[in-house]
Protein chains: 2
Amino acid sequence: MKLTSIGIEEIRDIARGAAILGCGGGGDPEIGRLMAEAAIEELGPVTIVDPQDIADDSFILASAMMGAPTVVIEKIPRGTEPLAAFRRIEKELGKSADAVCSMECGGLNSTIPILVAAQTRLPLLDGDGMGRAFPELQMETFSVYGVPGTPACVVDEDGNTVICEASSDVEMEWLLRGVTIRMGGAAYLAHYPMSGADFKRTAVRNTLTLAFELGRAVRVARAGQNDPVKAVGQTFHGTVYGDVTELFRGKVFDVQRETRRGFALGKATVNGADEFDGSILTISFQNENLVAWRDGKAVATVPDLIIFLDPETGEAIPTERLRYGQRAAILCVAAPPIMTSLESLAVWGPLAFGYTGLDYWSIRIARTSLVSKLS
Amino acid sequence: MKLTSIGIEEIRDIARGAAILGCGGGGDPEIGRLMAEAAIEELGPVTIVDPQDIADDSFILASAMMGAPTVVIEKIPRGTEPLAAFRRIEKELGKSADAVCSMECGGLNSTIPILVAAQTRLPLLDGDGMGRAFPELQMETFSVYGVPGTPACVVDEDGNTVICEASSDVEMEWLLRGVTIRMGGAAYLAHYPMSGADFKRTAVRNTLTLAFELGRAVRVARAGQNDPVKAVGQTFHGTVYGDVTELFRGKVFDVQRETRRGFALGKATVNGADEFDGSILTISFQNENLVAWRDGKAVATVPDLIIFLDPETGEAIPTERLRYGQRAAILCVAAPPIMTSLESLAVWGPLAFGYTGLDYWSIRIARTSLVSKLS
């Protein structure tokens with residue numbers, strides 16, 4: 001069932017589901033949820049449009065937060081920044097947007113575009129450019145399939161505004177990451193101006209609906225005293241995403257984390273429990289979970305989604321909140337085909353994050369025999 | 001005699017004089033000179049306009065390099081960057097400039113605006129916003145007296161373009177310094193869009209003429225086998241600048257230098273010779289020479305101009321070229337009144353650079369009794 005409108009009711013489920021799709025990153029969705037709720041209360045619900053229904057010549061703009069999730073939970077936005085960045089790019093290009101879209105469907109960046117859609121009274125597209133959360137701005141299906149990210153605009157809480165026209169999306173990321181660091185580690189962004197036709201061609205579709213359904217499934221399972229982790233697995237079934245596996249279950253016993261280069265970087269280690277007793281899972285992250293090793297052997301890697309869930313509540317555990325003693329079920333979801341093409345893997349495969357010697361497809365194929373399917 | 005036009009003849013003298021006004025910084029003027037010469041050869045001489053002769057409602061834009069001088073001598077520009085930044089701000093504001101101005105009259109930033117004036121066929125104003133070189137973008141008489149620095153635009157050799165609209169000129173400096181660092185440590189800038197009336201009110205006037213006269217005086221003295229250091233002292237006489245003193249003479253015996261935070265930072269120590277025998281002079285710099293201590297006692301400080309000259313040739317020695325064994329005459333020139341107001345000293349007095357306990361006026365007054373006058 002596709003989402004057609006977002007009111008107060010839907011936002012909580014979307015935020016819960018987007019935290020799951022955030023793969024540990026994307027920023028705490030609660031802050032965006034609070035802002036979006038306030039805007040919807042004041043201005044009414046947001047219309048959701050399926051990508052197949054937008055006009056090819058419509059003008060789309062992506063709204064987002066940029067920064068380290070560790071910073072976002074302490075540096076609360078004013079609430080006017082995302083709209084200011086959005087309006088600035090409209091002004092730059094001399095035309096008004098026909099719809100808002102998400103650059104990533106995970107974490108805070110699922111709710112920020114809801115806020116902007118409510119503030120502008122524009123429809124919000126059901127789809128995004130990551131199909132999850134990734135740490136860098138060029139890591140977008142938009143970019144992979146030829147839509148330039150710039151002109152892009154970042155705005156901070158003091159109204160400082162920086163517009164970037166870059167020679168490549170990697171340059172955009174590099175320059176605006178520097179700006180975001182100097183803006184205090186988190187800022188708000190409008191970028192990837194594109195046509196409706198480009199969005200249809202390049203977006204991962206219906207990820208807002210998926211976030212909503214994930215959040216609702218967890219809530220419903222909890223209310224009916226069913227297993228919320230299983231409910232997450234079942235929700236992915238039948239979507240463009242591939243098989244869901246339970247990689248591991250256990251207790252976090254070590255977290256190394258630092259905010260460096262504008263990112264939350266680190267490693268978490270989990271002691272196995274139940275069927276994983278005696279095993280150790282290690283996860284490395286850059287805002288998002290990147291690679292998981294079980295007893296030293298890689299069992300999952302970007303772009304597949306590596307998700308920490310609280311096994312009791314089914315709530316996602318973001319990397320900035322991982323802590324000693326926490327129980328976790330760690331799932332892996334195969335990324336959809338649009339995200340596993342050769343062009344895509346060049347941008348967000350393990351090598352793009354500096355992991356040499358890890359072959360995405362071998363790991364994905366090997367994993368299916370190693371771990372239990374959930375859906 | 002005021003400069004009215006710049007051809008190939010004048011550029012070498014201007015570059016030589018601007019290196020003196022650069023106070024050790026501003027970047028090597030040779031690179032800018034070569035680019036400006038090529039442009040003038042192709043497009044003809046540049047008209048110089050006295051600030052008093054510009055229309056109040058004319059539109060002025062400042063052109064400059066931004067970065068660490070240590071980087072500029074190795075990272076050669078393409079030559080199109082300053083004009084690209086200039087045109088981008090014109091486009092941003094939807095109007096064409098009537099004249100080009102310098103943000104600083106020292107170093108490379110004296111010749112970059114000549115290049116842009118030649119390329120645009122616009123007149124170049126005889127004046128600037130620093131009356132010397134300073135390391136940071138808010139250190140401008142323009143800013144001190146109320147002309148905002150933004151919108152500002154920086155461009156690098158790959159055509160990457162960043163436009164900044166900042167809440168203050170300190171924020172502009174902070175954000176664009178970050179961008180410049182990520183552009184490789186040097187980039188090209190257009191900023192301080194202003195009216196002719198604003199330029200008249202806030203600029204340090206006739207500094208291009210002064211650079212030309214300093215350069216010529218050194219050349220002429222050398223040709224006539226006269227003392228070029230004395231010629232420099234005499235040239236400042238009768239200008240808006242105050243008394244010129246020879247602070248010290250000796251041999252450099254230690255240089256500590258590093259490129260950090262986007263600046264060339266360091267300290268040089270000079271062993272006294274002749275009448276300064278037995279004394280030691282220490283100079284700290286951030287791109288430009290900031291404070292001089294003789295035997296532990298501060299004898300000169302920003303904004304007064306602290307200038308290293310080769311005593312044989314009269315050529316200025318920039319901080320990025322200071323080296324062991326070099327002979328140097330170190331002059332100090334009192335900054336003009338527009339640069340020593342309370343508002344000005346708040347922006348570029350010793351405290352603005354983190355030197356606590358140094359009072360600009362006490363040091364300036366004490367200096368006159370300590371050292372020999374040159375002019």
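Just to confirm the number: angle between the C-alpha axis of helix A:29-43 and the first principal axis of chain A, 0 to 90 degrees, nearest 10?
Approximately 40 degrees, to the nearest 10.
Under the convention of a label 7 Å out along Cα→Cβ, give the distances in nm from B:VAL220 to the same position in every other copy, shortest first.
So the distances to the same position in the other copies read 9.2 nm.
So if the hydrodynamic radius of the range A:110-185 is defined as the Kirkwood radius over C-alpha pairs, what does Stokes-Einstein give as its diffusion coefficient at 25 °C and 0.890 mPa s, in µm² per second?
The Stokes-Einstein estimate is 178 µm²/s.
Considering only DSSP beta bridges with both partners in chain B, what is the antiparallel share in %, to the nearest 5?
In chain B, approximately 90 percent of DSSP beta bridges are antiparallel ones.
By how many degrees, between 0 and 90 and to the nearest 10, does the Cα long axis of helix A:360-370 differ from the longest principal axis of chain A?
Helix A:360-370 sits roughly 40 degrees off the main axis of chain A.
On average, how many beta carbons from a partner chain sit within 10 Å of the beta carbon of a residue in A:175-188?
Numbers: counts 9, 3, 2, 9, 8, 1, 2, 8, 4, 0, 0, 0, 0, 0.
That average works out to 3.
Relative contact order for the range B:5-205: what percent, with Cα pairs under 8 Å and sequence separation of 6 or more? Provide the component values of the computation, followed by the final result.
Details: 469 pairs, mean separation 61.0, N = 201.
Once normalised by length, the contact order is 30 percent.
Quote the relative contact order of the range B:207-298 in percent (integer), defining contacts as alpha-carbon pairs under 8 Å separated by 6+ residues.
Contact order relative to length: 16 percent.
What is the helix-to-structure angle for B:108-120, meaning the angle in degrees between its Cα long axis and the longest Cα principal axis of chain B, kept from 0 to 90 and rounded to the nearest 10?
20
Can you tell me the alpha carbon radius of gyration of the range A:1-82 divided by the globular rule-of-thumb value 2.2 N^0.38 Å?
Details: Rg = 14.1 Å, N = 82, 2.2 N^0.38 = 11.7 Å.
This ratio for the range A:1-82 stands at 1.20.
Based on Cα positions only, what radius of gyration and what Dmax would you give for chain A, in angstroms?
Over chain A's Cα set, Rg and Dmax evaluate to 19.0, 61 Å.
Kindly write out, for the range A:68-80 in residue order, the coupling ³J(HN,Hα) from the Karplus curve 6.51 cos²θ - 1.76 cosθ + 1.60 (θ = phi - 60°), rounded to whole Hz, with x marking Gly and Pro.
8, x, 5, 7, 4, 6, 10, 9, 6, x, 6, x, 9
With an 8 Å Cα cut-off and a minimum separation of 6 or more residues, compute the relative contact order for chain B in percent.
20
Just to check I understand the Karplus step: with θ = phi - 60° and J = 6.51 cos²θ - 1.76 cosθ + 1.60, what whole-Hz values come out for the range A:161-176, glycine and proline as x?
These are the phi-based 3J(HN,Hα) values: 10, 10, 10, 10, 10, 10, 6, 7, 6, 5, 5, 4, 4, 4, 6, 6 Hz.
Kindly state, to the nearest 0.05, the FRET efficiency for A:LEU34 paired with B:TYR145, given R0 = 51 Å and r defined as their beta-carbon distance.
0.75
Once you compute Rg and the Kirkwood Rh from C-alpha atoms, what is the Rg to Rh ratio for the range B:5-205? Kindly include the intermediate steps, with their values, before the conclusion.
Values: Rg = 14.8 Å, Rh = 16.0 Å.
My calculation of the ratio gives 0.92.
What residues have an amide H closer than 5 Å to that of A:VAL299, excluding those fewer than 5 places away on the same chain, when H is modeled at 1.01 Å from N in the peptide plane?
A:ALA292, A:TRP293, A:ARG294
For the range A:304-375, go through all pairs of different Cα atoms, get the mean of 1/r, take its inverse, and jot down that Kirkwood value in Å.
Details: mean 1/r = 0.0711 Å⁻¹.
Value: 14.1 Å, from the Cα pair sum.
Arranged from highest to lowest average of other beta-carbon atoms within 10 Å per residue, in what order do the peptides A:86-98, A:30-42 appear?
Highest to lowest by the protection proxy: A:30-42, A:86-98.
Using a 7 Å offset from Cα along the direction of the beta-carbon, what are the separations from B:PHE253 to the same position in each other copy, nm, ascending?
So the label point of B:PHE253 gives 6.1 nm to the other copies.
Label position 7 Å from Cα toward Cβ: report the copy-to-copy distances for A:ILE76 in nm, one decimal, ordered from shortest.
Ordered by increasing distance: 5.5 nm.
Which distance in Å, rounded to a whole number, links the C-alpha centroids of the range B:301-375 and the range A:261-339?
After rounding, the separation between the Cα centres reads 58 Å.
Quick one: what are the phi-derived ³J(HN,Hα) couplings along the range B:294-301, Karplus 6.51/-1.76/1.60 with θ = phi - 60°, whole Hz, x for glycine and proline?
9, 6, x, 10, 5, 10, 7, 8
Could you tell me what fraction of 2.2 N^0.38 Å the Cα radius of gyration of the range A:241-373 comes to, as a two-decimal ratio? Numbers along the way, then the final one.
Details: Rg = 14.0 Å, N = 133, 2.2 N^0.38 = 14.1 Å.
The range A:241-373 yields a ratio of 0.99.
Need one number: % antiparallel among DSSP beta bridges in the protein assembly as shown, to the nearest 5.
For the protein assembly as shown, the DSSP antiparallel bridge percentage is about 90.
Please sort A:214-223, B:172-181, B:320-329 by packing, taking for each peptide the average over its residues of neighbouring beta carbons within 10 angstrom, highest first.
Output ranking for A:214-223, B:172-181, B:320-329: B:172-181, A:214-223, B:320-329.
Given the C-alpha centroids of the range B:1-51 and the range B:91-148, what is the distance between them in whole angstrom?
Centre-to-centre (Cα) distance: 13 Å.
Could you work out the mean count of beta carbons from other protein chains within 10 Å of each residue's beta carbon in A:150-159?
That works out to 2 on average.
If I take all pairs of Cα atoms in the protein assembly as shown, what percentage of them are more than 41 Å from each other?
On the way: 116742 of 280875 pairs.
Beyond 41 Å sits 42 percent of the P(r) for the protein assembly as shown.
Values quoted throughout were computed directly from the atomic coordinates according to the rules given, and no laboratory measurement underlies them. This structure is a prediction, so every number in the text was calculated from the model and none was measured. Please note: Cβ atoms are built from the backbone with ideal geometry, for glycine as well, and neighbour counts cover all protein chains shown.
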